[in-house]
Amino acid sequence: MTFEGVIISAFGSGYKVAAYDGATYICKAKGIFRNRDISPCCGDRVTVEISDNSEPLITEIQPRRNEIIRPPLSNLDQMVFIMSTCEPPPNLLMLDKFSAVAQYKGIDSVIVFTKTDKQPADEYVRIYQGVYPVFEVNNETGEGCDRVKEALKGKFSAFCGNSGAGKSSTINNICPELGLATAEISKSLGRGKHTTRRVDIFELDCGGYIADTPGFSTFETGKYDTILKGELADCFPEFREYIGECRFQDCSHTKETGCAILEAVKNGKISESRHRSYCEMYREASLIKPWELKDKQKR
């Protein structure tokens, strides 16, 4: 017997696969993947074979549309970034880095601001509205969660966020039947205790899947991908209409005279906060060593 399915959980050397007919199976992976240095991960579309008196075996992994390494996920439609307005305050540079990498990999970004009952999100909404879909939620009342759920329909979405930002609480308000564990903010550390220990994929009753992932503090942007400085501007959606309009063809969009993007920042068409993040990321990309560039070209 052979069937097609999607890996929805990974644990040790085992994988939980949801078949397209609705059944689920606990499977092992064929040894050939290890020999090819391939690790099956959540989101993989796979072929499973079941022989008489043997456990289900993953024999084929379909080509991935995209993938992230840490945590391991593939074939994502969108990343849902959960950012609290306070306790802890949002790290906009980190958000901009992750959304840029998502853009680079062909993954859409959605931003959700939580704890709006304690601190309004207006200043942050102004920065991102028109760039990405932006939502505000109050997890105490559940207000705003229906709109987020609507954005998840028919998509495979990964929920990401700084520890304590309300990621699990938001998921619980969208899918109360999941009952994900939550934890109070650690007052001494000023951040949340980690309540998500591994990546799991959950099916939504409205259609689509979501992946709950560890907090940002366990992520390494370098493990996602390396964006070269010449590719970076394309990863900021609001920059695109100005690319090619600068006085100099090799404009870095950081300080040059006649830069169309700098002019747009000056005129309030591009957020100063977003441009500061771009400049910091451009500076970091400029420090990439030649051997790192060679490694990237091999991938």
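The values are calculated or read from the model by the stated rules, or taken from the named source; none is laboratory data. As the structure is a prediction and not an experimental result, all values here were calculated from the model. Here Cβ is always computed from backbone atoms with ideal geometry, including for glycine, and neighbour counts include all displayed protein chains. Protein only, heavy atoms only, side chains kept; ligands, DNA and RNA dropped before computing areas. Shrake-Rupley method; radii C 1.70, N 1.55, O 1.52, S 1.80 Å.
The residues of the range 2-150 expose, per residue, 48 Å² of accessible area to a 1.4 Å probe. Fully extending the segment from Glu280 to Leu57 would add 75.7 nm, taking 0.36 nm per residue of separation and subtracting the current Cα-Cα distance.
Under a model in which nothing but the beta-carbon of Lys, Arg (+1) and Asp, Glu (-1) is charged, the range 63-179 shows a dipole of about 520 debye around its Cα centre. 3J(HN,Hα) along the range 51-56, derived from phi through the Karplus expression 6.51 cos²θ - 1.76 cosθ + 1.60 where θ = phi - 60°, amounts to 9, 4, 6, 9, 6, x Hz, with x in place of Gly and Pro.
The string of couplings for the range 112-125 from the Karplus curve (6.51, -1.76, 1.60, θ = phi - 60°) is 10, 9, 10, 6, 5, 6, 9, 8, x, 9, 3, 5, 7, 4 Hz, one whole number per residue in order, with x for Gly and Pro. Taking every C-alpha pair closer than 8 Å and separated by at least 6 residues, the mean separation divided by the residue count of the range 1-62 gives a relative contact order of 35 percent. Shape verdict for the range 18-85, please, from the Cα gyration tensor: rounded (a/c under 1.5), prolate (a/b greater than b/c) or oblate. Prolate is the answer for the range 18-85, as a/c is 1.5 or above and a/b outweighs b/c.
Within the accessible surface of the range 230-288, defined with a 1.4 Å probe on protein heavy atoms only, the carbon and sulfur portion equals 44 percent. Relative contact order, whole percent, for the range 54-175 stands at 30, derived from Cα pairs under 8 Å and 6 or more residues apart. When +1 charges are put on Lys and Arg Cβ atoms and -1 charges on Asp and Glu Cβ atoms, the dipole computed for the range 1-78 relative to its Cα centre reaches about 320 debye. For the set Glu136, Glu203, solvent exposure ranked by accessible area (probe 1.4 Å, protein chains only) runs largest to smallest as Glu203, Glu136. Put simply, when 100-106, 244-250 are sorted by average Cβ atoms within 10 angstrom per residue, most first, you get 100-106, 244-250. A straight chain from Glu4 to Lys229 at 0.36 nm per residue would run longer than the Cα-Cα distance by 77.0 nm.
Surface listing: Tyr15, Tyr20, Tyr209, Tyr128 arranged by accessible area from highest to lowest gives Tyr20, Tyr209, Tyr15, Tyr128, probe 1.4 Å.
Under the simplified labelling scheme, the Lys266-Cys86 pair shows an inter-label distance of 3.7 nm, with each label point 7 Å from Cα along Cα→Cβ. Sorting the segments 86-92, 61-67 by their residues' average number of neighbouring beta-carbon atoms within 10 angstrom, most packed first, yields 86-92, 61-67.
Computed from backbone phi, the HN-Hα couplings of the range 237-252 come to x, 6, 7, 4, 5, 9, 5, x, 9, 6, 5, 9, 5, 9, 4, 8 Hz, rounded to whole numbers (Karplus: 6.51 cos²θ - 1.76 cosθ + 1.60, θ = phi - 60°; Gly and Pro given as x).
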